[in-house]
Every structure is written in structure tokens, then in C-alpha cells.
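**Q** Have a look at this one before I ask anything.
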Amino acid sequence: SSGINAEYGFIAKGFSCPHISSLENYLTLARKVSRTTRDLEYLQRGLSAMGNPDRIEAVGRTIAAFGKCCWLLTDHVDLLYRIGVLSSASGSPVSKWSKVSNWLWLLGYLGSILLYVRQLTILEEQLLESQRAFIGEGLSEEAGSGDTDEKVAEITRLKAVRGEVWLDIVREFLDCGIPAGSLGLIPLTTGSLSGVLSSLVGAHQIKKSLSG
């Protein structure tokens, strides 16, 4: 707890924080502060994606990047209202900004899913082409064992990559439950559970990449 206080202590020292009345609110603020610069990263990704020659992939990357960038920007505004830097004569607009932020967050995840579905489609085409080539070499008397081994290795690689992309799709789909739950589109407990499952999928992917 001392580490958290040291990192985010400026909130309590510099501003009056009437909204920080529980551990949940405090951790919410800590999470918001920790991602205050990531919007620039997403903005750069979005600008880079616009030059992608594959238009479907470009759309997916752009929606994902700009959706998450705008989500973080509105999240910053929400943070400023929460800590009292900004105020409104009509009352606290925290819930309004939080709602906008969650819609943009959800849009970013949907863009990511579109991107991964496009990648999956391309992989399926490459896998089918490699399998056809392998069958063709099997029927050819001139095919050597080296060529056959190479084709088998390529098919194995494509299948492994396809499995990872499927996990990416599942993870992003589960992540959609977090903003969807906050928006009331699904029960909040369901959204929280989907977030936990998404973390487990992500942990599995990290473990697999480290062991591989």
C-alpha cells in the first residue's frame, strides 16, 4: 500500500477528493492515473494503420486504435472530474463521461475483433493453399523428402498461428464484457467474470510464449 500511496499520493495532497470514500474508488483512480499516456500510443497506432494496403485490416486497426485512444481521452476527463480539477455548476458529470468512455472502450475492442477475424481469414487461405501444395507434392514422383518436410513444417506453423489468433479473438470478446457490464448491456457480475476469464486467457498466452 505504501507503493500505491507514493505513486498516487499527489491526488490526495494536491486536491480535495470527496469521491475517494472507499478502496474501490481509490483503486479506480489509481488505474486511471496509470494509463494517462497510453492514448498517445493508440493515436500513433491509428495513424500508422491508415496506410495499410489491406483495407479491411486497416479499418479494423484504425477503429481499434482510435476507439481506445478516444476512450482514454474521455477517461482522463472523467479522472479530472473525480479528483476535483474540473467541476460543473450542474453537478458532477462523472457518470456521463464514464458512459462515453465505456462506449469508446467497447468500440475499440470490436475493432480489434474485426482485425483478428481478418487475420484469421488470411491464415485459413494460406493454410488451405499449403495443404493443397502438400497433397500435390505427395502425388508427384519428383517431390523430394526435403520439400515434403518443409511443407509439413509450414502447415504446422500456420495451424499454431491460427490457434493463437483464435485465442486473441476469445480474449477480446471476453474483454468486451467489462465496458458492456458498466454500460448495463449485460449484468455487471457477468462483465466482471468475463474480465477475469480474459485475464486467464492472456496469462495462458504469455506462459505459452515464454515456454515456446
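**Q** Looking at (1) at pLDDT below 90; (2) out of contact with any helix residue (DSSP H, G or I) (no Cβ under 8 Å at 6 or more places or on another chain); (3) open to solvent by 50 Å² or more (accessible area, probe 1.4 Å), can you tell me which one Ser182 breaks?
**A** Failed condition: (2).
**Q** While we're looking at this one, here's another question. Take the residues of segment 119-161 that are modelled with pLDDT under 80 and polar (S, T, N, Q): which is nearest to the chain's Cα centre (by Cα)?
**A** The selected residue is Thr148.
**Q** Please go through segment 87-96 and give me each residue that is at pLDDT below 70 and either in a loop (DSSP other than H, G, I, E, B) or surrounded by 20 or more Cβ atoms within 10 Å (Cβ to Cβ) (or both), ordered by number.
**A** Ser88, Ala89, Ser90, Gly91, Ser92, Pro93
**Q** Condition first: in contact (Cβ under 8 Å) with a residue 24 or more places away in the chain and outside any helix (DSSP H, G or I). Now tell me which residues in segment 155-184 satisfy that. Please lay out each step first, then the result.
**A** So in segment 155-184, the residues in contact (Cβ under 8 Å) with a residue 24 or more places away in the chain come out as 155, 158-159, 161-162, 164-176, 178-180, 182-183.
Passing the criteria: Cys176, Leu183.
**Q** Can I ask one more? Determine whether segment 185-192 contains at least one residue that is outside any helix (DSSP H, G or I), buried (at least 19 other Cβ atoms within 10 Å of the Cβ) and of a type in the set (A, V, I, L, M, F, W, C). Show your work before the answer.
**A** First pass over segment 185-192, keeping only residues outside any helix (DSSP H, G or I): 185-187.
Next cut, buried (at least 19 other Cβ atoms within 10 Å of the Cβ) only: none.
No; the residues of segment 185-192 include none that is outside any helix (DSSP H, G or I), buried (at least 19 other Cβ atoms within 10 Å of the Cβ) and of a type in the set (A, V, I, L, M, F, W, C).
The values are calculated or read from the model by the stated rules, or taken from the named source; none is laboratory data. These figures come from a predicted structure and were not determined experimentally. Note that we place each Cβ from the backbone using ideal geometry, even for glycine, and neighbour counts take in every protein chain shown. Note: areas computed on protein heavy atoms with side chains; ligands, DNA, RNA excluded. Shrake-Rupley method; radii C 1.70, N 1.55, O 1.52, S 1.80 Å.
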